[in-house]
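K.L.:
This is the structure I want to talk about, given as structure tokens.
The values are calculated or read from the model by the stated rules, or taken from the named source; none is laboratory data. Note that the coordinates shown come from a computational prediction; the quantities given were computed from them, not determined experimentally. Please note: Cβ atoms are built from the backbone with ideal geometry, for glycine as well, and neighbour counts cover all protein chains shown.
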Amino acid sequence: MICTGCSCLCNDVVVNGTRIMNACIKGYRHIAGAKENRSEAKIENRTVSIDEAIEKAIEILKNSRNPIIFGLDTTTLEAQSLAIRLAEKLECYIDDNSSFCLGEIVEAIIKKDVPSTTLDDVRNKAYVVIYWGANPYTSLPRHMSKFTYYPRGEKRPRGYEEDRYLVVVDVRKSETAMLAKKNAKFLKVEKDDELVDSFLLAVDGKAGKFGSEVGVILKEMKKSDFNVLFAGLGLKYGISNMDRFFEMIKKINEKVAPLYLLPAGFHANMRGFNETLFEKTGFVNKYSFREKRSEKEFEFMELLKKECVDAALIVGTDPLKSLPFEIAKKFMKIKKIVIDPKTSLTSKVADVVIPSAISGVECGGKMVRSDGVRFKLEPLEEKEINDVLIFKKILEGV
Ligand code: SF4
């Protein structure tokens, strides 16, 4: 089966009875723990039938002046398409976790503003592999062994022993940074902008703050016609000017050696949401179907902060767990509908909870890996109630 535990979408996981092979511990828990902590259909904490919960959700959405649909990164492309249709019908906001994660990076890649590649090509060809603000050891556990540093590839038959050069950029010595020992470099930065500046200066033959380290990395890049940089959440929050970062990628490509950019985000189908919304609207996230545009002020957090929404349909995510306290208080004031296979902090305070199936384990469909490659899921079973069915019913009802 294809594991949907993170955006690696590992397609070599084998399940034989209670035995789960090839999955990492995160994937194992995702699959073996599928039946734990399940949500139940509820209206104001009262157990109801699924149809009653869906009816109540329809009523809330119909009576709302400014609803938002938020989440969707762990569901299938088919469910995401229906959610976008629902947002269009309601003329409401739609957003996902990528607006405060790696949406900007994915948008630049989709628009072909920066060169990108596939994880399969990384495995086969990549020499310098840079993780910048990413800690795949915990967030994407098989990323390094399946695609980047450790595996042997067509043009990299000796793997990390001789055919790869790993660079880890982070504010602390993360677990991934601790692996940067053989043919590798760990660069501790306090201000990511300074490292971007150093690269930009170095390609023009000048020295910046990280002049000697950057010089070594660029020299390694020149040895190959295929290098890759994985951007993580730390990079997104560490860099104040993303355009300058993109300029750095372009300049390295022009003047040094080919360098491809890929997101190291962790939600299984976040890129799928970005691509699906982009196909429909030309934008990857934080979109208003009423205003027909995407703006920073349409981000889920911004809308809550400014009290611009009166109802939220939350799909497969748990925003209450990470919202700042003042914004969480505002979130508590609006109507909340949660569609989720699992109980979460958000589902515990929701007005309506609609239980669903775990995409990839209990229902099929398609997902997009973080590099843009599409996969057809191979679930262990097909549950009748899944996100697609729930969205179809809500769409009919509104
Ligand atoms: S790396 Fe991700 S997709 Fe692969 S087995 Fe682990 S959790 Fe599943």
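K.L.:
Could you grab me the full set of residues in segment 1-48 that are within 12 Å of the ligand (Cβ to nearest atom) and either of a type in the set (D, E, K, R) or assigned by TED's automatic domain parsing to the domain that holds GLU382 (or both)?
P.N.:
ASP12, LYS26, ARG29
K.L.:
Return yes or no: is GLU104 in contact with a helix residue (DSSP H, G or I) (Cβ under 6 Å, 6 or more places away or on another chain), of a type in the set (Asp, Glu) and closer than 20 Å to LEU261 by Cβ? Steps first, answer last, please.
P.N.:
Details: in contact with a helix residue (DSSP H, G or I) (Cβ under 6 Å, 6 or more places away or on another chain): yes; of a type in the set (Asp, Glu): yes; closer than 20 Å to LEU261 by Cβ: yes.
Considered against the rule, which asks whether it is in contact with a helix residue (DSSP H, G or I) (Cβ under 6 Å, 6 or more places away or on another chain), of a type in the set (Asp, Glu) and closer than 20 Å to LEU261 by Cβ, GLU104 comes out as yes.
K.L.:
I'd like to check which helices (runs of 4 or more DSSP H) are fully inside segment 141-187 and have at least 2 residues that are charged (D, E, K, R).
P.N.:
159-162
K.L.:
Which residues, counting only those in segment 345-398, are among the charged types (D, E, K, R) and under 20 Å from the mean Cα position of the chain (by Cα)?
P.N.:
At the first step, the residues of segment 345-398 found to be among the charged types (D, E, K, R) are 348, 351, 362, 366, 369, 371, 374, 376, 378, 381-384, 387, 392-393, 396.
LYS366, ARG369, ASP371, ARG374, LYS376, ASP387, listed by residue number.
K.L.:
Can you name the number of the only condition in (1) touching a residue at least 40 places away in the same chain (Cβ under 8 Å); (2) within 16 Å of the ligand (Cβ to nearest atom); (3) buried (at least 19 other Cβ atoms within 10 Å of the Cβ); (4) not in a loop (DSSP other than H, G, I, E, B) that TYR137 fails?
P.N.:
(3)
K.L.:
Now for a separate question. Which helices (runs of 4 or more DSSP H) does segment 188-297 wholly contain that include 1 or more residues that are loosely packed, with under 15 Cβ neighbours inside 10 Å and free of Cβ contacts under 8 Å to residues at least 24 places away in the same chain?
P.N.:
Ranges flagged: 192-203, 211-222, 242-255, 270-281.
K.L.:
Pairs, please: C-beta under 8 Å, at least 6 apart or cross-chain, first residue on the phi > 0 side of the Ramachandran plot and in segment 2-27, second of a type in the set (Asp, Glu) and near the ligand (Cβ under 9 Å from one of its atoms)?
P.N.:
Close Cβ pairs (under 8 Å, with a partner that is of a type in the set (Asp, Glu) and near the ligand (Cβ under 9 Å from one of its atoms)) amount to ASN22/ASP12.
K.L.:
Let me ask something else about it. With the condition being closer than 30 Å to LYS335 by Cβ and not basic (Lys, Arg), I'd like the strands (runs of 3 or more DSSP E) fully within segment 1-81 carrying at least 3 qualifying residues.
P.N.:
Details: elements: 14-16, 19-21, 67-71.
Output list reads 67-71.
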